[in-house]
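Reviewing the structure listed below.
The values are calculated or read from the model by the stated rules, or taken from the named source; none is laboratory data. Predicted model, so just to flag it, every value in this text is computed and none were measured. Cβ coordinates were reconstructed from backbone atoms using ideal geometry, including for glycine residues, and neighbour counts include every protein chain displayed. Ligands, DNA and RNA are stripped out before the accessible areas are found, and what is left, the full protein with its side chains, is counted by its heavy atoms. Shrake-Rupley method; radii C 1.70, N 1.55, O 1.52, S 1.80 Å.
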Amino acid sequence: LAKTTQPISMDSYEGQEVNITCSHNNIATNDYITWYQQFPSQGPRFIIQGYKTKVTNEVASLFIPADRKSSTLSLPRVSLSDTAVYYCLVSMYSGGGADGLTFGKGTHLIIQP
Amino acid sequence: EAQVTQNPRYLITVTGKKLTVTCSQNMNHEYMSWYRQDPGLGLRQIYYSMNVEVTDKGDVPEGYKVSRKEKRNFPLILESPSPNQTSLYFCASSLSGGGGSTYFGPGTRLTVT
């Protein structure tokens, strides 16, 4: 499984756009990039997944450059409730495969008023 | 509503007293797994199951047992709990393993004294 590196923590303010970058230099051809959000004492929650270029859903956007060695999670107009830990994961398949999810330490995002 | 449920949510027990944490999902998912989360160590997979009667070890299986007799249920068994198993436990399920959207349960906070 490809290792991921992301900042330990980030601060921002309400209404701002927040971009969290994750590096995954050893990503394999079949790997997908997935982001999860976790609030204290709650289970992680799936945010978004992508393979290349750009993916957007109602919560976030995911930007993946052509070489796929990094990815950026973009949260538009954050609010206080977006304060959480965000995990970047690289895994073999979008679906299928026996490998569990390898969570790193994640990025602790703190949103201030 | 799609969900993963765990019981109990909180448990305090003593060393050596067998316990079971139940996990159930209502999404007809084939893949289920257990994770533990400890400060500074992140989420680590304990066991996973790709389907009924198919289970395998994750990264930290020592001291735990699981069974998968029905598709919807995946109990975690601690035959002889020890204080180092004090942790926050999460059950998860997905249509099939890998990085596809995985649903996590609300967590079980276990304290072994």
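The table below gives the values:
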{"read-out": "Contact order normalised by residue count of segment B:3-63, Cα under 8 Å, 6+ apart, percent", "value": "23"}
{"read-out": "Of all DSSP beta bridges in chain A, antiparallel share, percent nearest 5", "value": "85"}
{"read-out": "Two-decimal Rg/Rh across chain A, once Rg and the Kirkwood Rh are taken from alpha-carbon atoms", "value": "0.95"}
{"read-out": "Net length gained if the chain between residue A:11 and residue A:108 were fully extended (0.36 nm per residue, minus Cα distance)", "value": "34.1 nm"}
{"read-out": "Partner lysines for residue B:65 [C-alpha distance under 27 Å; skip if fewer than 8 residues away on the same chain]", "value": "A:105, B:17, B:18, B:57"}
{"read-out": "The protein assembly as shown - Debye-derived log10 I(q)/I(0), Cα point model, q = 0.12, 0.13, 0.17 Å⁻¹", "value": "-0.65, -0.76, -1.20"}
{"read-out": "Neighbour net charge for residue A:18 - beta-carbon separation under 15 angstrom, K R +1, D E -1", "value": "-3"}
{"read-out": "Neighbour net charge for residue B:107 - beta-carbon separation under 15 angstrom, K R +1, D E -1", "value": "+4"}
{"read-out": "Overall dimensions of segment A:24-66 as given by Cα atoms, namely Rg and Dmax in Å", "value": "12.0, 36"}
{"read-out": "Residue mean of other protein chain beta carbons inside 10 Å, A:36-47", "value": "5"}
{"read-out": "Distribution of pairwise C-alpha distances over segment B:1-75, 10 Å bins, in %", "value": "17, 49, 30, 3"}
{"read-out": "Chain B, dipole about Cα centre (Lys/Arg Cβ +1, Asp/Glu Cβ -1), debye to the nearest 20", "value": "280"}
{"read-out": "Gain on full stretching of the segment that runs from residue B:26 to residue B:67 - 0.36 nm per residue minus C-alpha separation", "value": "13.0 nm"}
{"read-out": "Surface per residue (accessible, 1.4 Å probe) for chain B, Å²", "value": "46"}
{"read-out": "Gyration tensor verdict on segment B:30-107 (Cα atoms; rounded if a/c is under 1.5, prolate if a/b is larger than b/c, oblate otherwise)", "value": "oblate"}
{"read-out": "Residue A:45/residue B:113 FRET efficiency (R0 30 Å; Cβ-Cβ; nearest 0.05)", "value": "0.45"}
{"read-out": "Peptide B:34-40, shielding by other chains (average Cβ, 10 Å cutoff)", "value": "2"}
{"read-out": "Other protein chain Cβ atoms within 10 Å, averaged over every residue that makes up B:19-30", "value": "0"}
{"read-out": "Packing-based order for B:41-47, A:10-16, A:52-58, B:18-24, using average beta carbon neighbours within 10 Å, highest first", "value": "B:41-47, B:18-24, A:10-16, A:52-58"}
